[in-house]
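The values are calculated or read from the model by the stated rules, or taken from the named source; none is laboratory data. Here the structure is a predicted model, which means the values were calculated and not measured. Neighbour counts are summed over all protein chains in view; Cβ atoms, including those assigned to glycine, are modelled from backbone coordinates with ideal geometry. When the accessible area is computed, the model is the full protein with side chains, heavy atoms only, and any ligands, DNA or RNA have been set aside. Shrake-Rupley method; radii C 1.70, N 1.55, O 1.52, S 1.80 Å.
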Amino acid sequence: MTATDAGRELATRDAKTRERNLTRLEAKVNSERARREFANTLNALEDKLNVPKQMRIKTARAKIRLRRFADEQPGTAVAVAVGVVAVVGVTVWLVVRAAVDGK
């Protein structure tokens, strides 16, 4: 084996080592990215399946919409509130009446 052959063999070995190390680095980067994506997916699922948290979010949004509606159309908001109170009152009256008549 000549010096030139030894140099080529060393260069080939170095290229293979670099390629192997690059492959390991790519695998590490890919696994870290997959872990991040998995963690994000789990967090999204937790948020979606957390019923009390979802209720808080939806309640806060409804309050904001109602306040905006009341600010933009106060007369209509008062009319809606009176209507809701009337419906609840009639419902309670009917339930009480049915309970009293049932005895």
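Rounded to the nearest 10 degrees, the angle from helix 74-102 to the longest Cα principal axis of the chain is 70 degrees. On a per residue basis, the chain carries 89 Å² of accessible surface, using protein heavy atoms and a 1.4 Å probe. Only one of (i) 8, 9, 9, 9, 11, 14, 20, 13, 4, 2, 0; (ii) 13, 35, 33, 14, 4, 0; (iii) 11, 14, 14, 14, 11, 9, 8, 7, 5, 4, 2, 0 was calculated from the structure for P(r) over Cα pairs in 10 Å bins from 0, in percent, and its label is (iii).
Taking each residue as 0.36 nm, the span from F38 to T59 lengthens on full extension beyond its C-alpha to C-alpha distance by 4.6 nm. Kindly identify segment 48-103 as rounded, prolate or oblate by the Cα gyration tensor criterion: order the square roots of the eigenvalues as a ≥ b ≥ c, call it rounded if a/c is under 1.5, otherwise compare a/b with b/c, prolate if a/b is larger, else oblate. Oblate shape, in that a/c is at least 1.5 and b/c is the bigger or equal ratio. The 3J(HN,Hα) values that the Karplus relation (6.51, -1.76, 1.60; θ = phi - 60°) gives for segment 27-35 are, in residue order, 5, 5, 5, 5, 5, 5, 5, 5, 5 Hz. Gly and Pro appear as x. Of all the accessible heavy-atom surface of the chain, with the other protein chains kept in place and a 1.4 Å probe, what percent is carbon and sulfur? Here it works out to 63 percent.
Computed about its Cα centre, the charge dipole of the chain is approximately 260 debye, with only Lys, Arg, Asp and Glu carrying charge at their Cβ.
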